[in-house]
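Visitor: What follows is a structure written as structure tokens; I'll ask about it next.
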Amino acid sequence: MDVGNDNYVIFKGGRNGIIVLLDETVEFDILKEQLKKKVKEAQKFFEGAKAPIGFKGRKLTEDEEKQCLDIIVNESKLNITFVYGQDQEQLVDEKKQDYDSTVTQTKFYFGAIRSGQSINFPGSVIIMGDVNPGGEIIAEGNVIVIGTLKGFVHAGAKGKEAAFIVALKLIPVQLRIADIITYFPDDALKIENKVPEYAYICDNKICVTPVNKRN
């Protein structure tokens, strides 16, 4: 089967994880073939990773969504933590709406950020791996780490206070969002079995909360 246009399926990073943009005009069977092709091409990058995922651009039936998820899981071995709908993509904070309209680029990095390694990007950054001590991420947008964050992260690097930082394990010595810096106490760094956490600015300081408790 000829899958045609390579842009029928596009993977992007979003504030909630991985977004799969699906063309609404092409036949679903063709869409599935291209999804399988795109996932196979990125198989070595996705394998073993954990991430939430959502579909946009095309309204899927429950069965169609399941077929797409089966392709992604079977072809990539991506560990999908949850699946969100388009309604969950709507921002309820006007400040965040203004912010997201200005920062749309997202950089994916597959692998660990080692000591001495730095990423500086004019948008959001998603790391599919750990950020080790001595590693550094500076982003004008958000930073999402699908792994353990032990290095330094600066989100909203040009003053965007609506930026946030998310990690499966958030145990850095220091975080920075816009112009606000926070340091983590030694006791916090020793906690085992930490849950995914979300760091954001509230009341002129950086607050950290479990992702599943964030409104």
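Visitor: If I ask for residues that are in a helix (DSSP H, G or I) and of a type outside the set (Val, Ile, Thr), which ones from segment 58-73 would you list?
Guide: Answer for segment 58-73, where residues must be in a helix (DSSP H, G or I) and of a type outside the set (Val, Ile, Thr): 62, 63, 64, 65, 66, 67, 68, 69, 70.
Visitor: Same structure again: Among the listed residues 141, 134, which satisfies the condition of being assigned by TED's automatic domain parsing to the domain that holds residue 181 and over 20 Å from residue 202 (Cα atoms)?
Guide: Only one candidate passes the filter, namely 134.
Visitor: Sort out which residues of segment 131-148 are buried (at least 24 other Cβ atoms within 10 Å of the Cβ) and within 20 Å of residue 179 (Cβ to Cβ), and write them in order of number.
Guide: 137, 139, 141, 142, 143
Visitor: Sticking with this one: If I filter segment 106-127 for residues that are at pLDDT 90 or above, within 19 Å of residue 19 (Cβ to Cβ) and out of contact with any Ser or Thr (no Cβ under 9 Å at 6 or more places or on another chain), do I get at least one hit?
Guide: So far as segment 106-127 goes, yes, one or more of its residues are at pLDDT 90 or above, within 19 Å of residue 19 (Cβ to Cβ) and out of contact with any Ser or Thr (no Cβ under 9 Å at 6 or more places or on another chain).
Visitor: Restricting attention to segment 7-16, does a residue exist that is surrounded by fewer than 18 Cβ atoms within 10 Å (Cβ to Cβ), over 21 Å from residue 168 (Cα atoms) and modelled with pLDDT under 90?
Guide: Yes, the conditions are met somewhere in segment 7-16.
Visitor: Additional query: Six or more apart or on different chains, Cβ under 7 Å: which pairs go from a residue in segment 150-164 that's in contact (Cβ under 8 Å) with a residue 12 or more places away in the chain to one that's basic (Lys, Arg)? Could you list them?
Guide: These pairs meet every condition: 154/176; 162/95; 162/96.
The values are calculated or read from the model by the stated rules, or taken from the named source; none is laboratory data. Please read all numbers here as calculations on a predicted model, not as lab measurements. We place every Cβ from the backbone using ideal geometry, glycine too, and count neighbours over all the protein chains shown.
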